[in-house]
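See structure below.
Computed from the coordinates by the stated procedures, all read-outs in this text should not be read as laboratory data. Just so you know, these numbers come straight off a predicted model, no measurement behind them. Cβ: placed from backbone, ideal geometry, glycine included. Neighbour counts: every protein chain shown.
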Amino acid sequence: MHVNQESHGYERPNFHTVTNLDADGNVLDEGPPAARFNGTRTWHSDKSYMPQPSMATFLYGVEVTKQGGETLFASLTAAYDALDDATRQRLDTLSCVYSWAQSMRNSGSRAATAEEIALSPPVTHPLIRTHPGTGRKSLYIGMHASHIADMDEEAGRAELFELLDFATQDRFVYAHKWRQGDLVVWDNASLVHKSAPFDWYKERRHLHRTVVRGGTPF
Ligand SMILES: [Fe+2]
């Protein structure tokens with residue numbers, strides 16, 4: 001289940017609806033969710049604030065945008081490969097603290113609720129992750145990350161934002177332009193993703209999402 005409990009009336013176990021439509025199919029008049037929940041518009045790896053984050057995410061396009069609203073993917077494996085040896089070795093010794101509450105602050109969303117914080121207390125993951133399937137190493141970062149363990153919080157957060165900027169350069173990014181009926185499946189261990197902006201009032205965007213739980217990152 002998603003920690004964000006905003007359902008827009010689309011309650012269904014184990015599925016999360018990403019939409020700008022209400023249950024009658026009309027564009028929600030509350031506007032873009034910037035202040036409420038901006039998390040899908042900032043680079044992240046799904047549920048990395050959980051002890052066992054999502055291995056795979058499935059996103060199905062029921063209604064898709066004509067313009068904008070692409071899903072952007074950045075390869076954390078390619079970004080890791082592009083780091084120099086000294087940086088890789090230093091980062092390999094570090095861990096990140098992940099926090100839903102800080103994620104909501106990082107993305108400029110509403111404050112996390114007490115219920116959400118209780119569902120997802122802070123967890124720690126390695127900053128360099130080894131893929132359980134391929135054995136390849138990648139950065140493991142994103143907006144759900146709060147700071148670097150055993151380092152000054154602000155300094156660590158600033159370094160994480162710098163690394164995220166590095167990892168999400170155009171040369172590491174694929175933009176998926178949605179067609180109706182597309183089912184996009186991705187690997188959260190080696191990617192961060194986000195949605196591109198679109199005209200909330202002119203476009204109709206309705207996606208179904210579910211995830212498969214992975215193991216503990218190492
Ligand atoms: Fe996501």
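Just a few scattered comments:
- Highest-first arrangement of 184-191, 56-63, 83-90, 107-114, where packing means the average Cβ count within 10 Å: 184-191, 56-63, 107-114, 83-90
- Contact order relative to length of segment 113-192, as percent, for alpha carbon pairs under 8 angstrom and 6 or more apart: 26
- In terms of overall dimensions, the C-alpha atoms belonging to segment 82-180 reach 46, 41, 27 Å along their principal axes, ordered largest to smallest.
- Put a plus charge on the Cβ of each Lys and Arg, a minus charge on the Cβ of each Asp and Glu, and nothing anywhere else: the dipole of the chain about its Cα centre is then about 520 debye.
- Approximating the spin labels as points 7 Å out from Cα along Cα→Cβ, the Ala155-to-Phe58 distance works out to 4.6 nm.
- Computed on the chain, with alpha-carbon pairs under 8 angstrom and 6+ residues apart, the relative contact order is 42 percent.
- More than 27 angstrom apart: percent of Cα pairs within the chain: 30
- Amide H contacts of Ala145 (H built 1.01 Å from N, in plane; Pro and chain starts excluded): no residue 5 or more places away or on another chain comes under 5 Å.
- For the chain: lysine pairs under 23 Å (alpha-carbon distance), excluding those fewer than 8 apart on one chain: 9
- Compared with the direct C-alpha span, the chain from Arg213 to Ala196 gains 3.6 nm at full extension, assuming 0.36 nm per residue.
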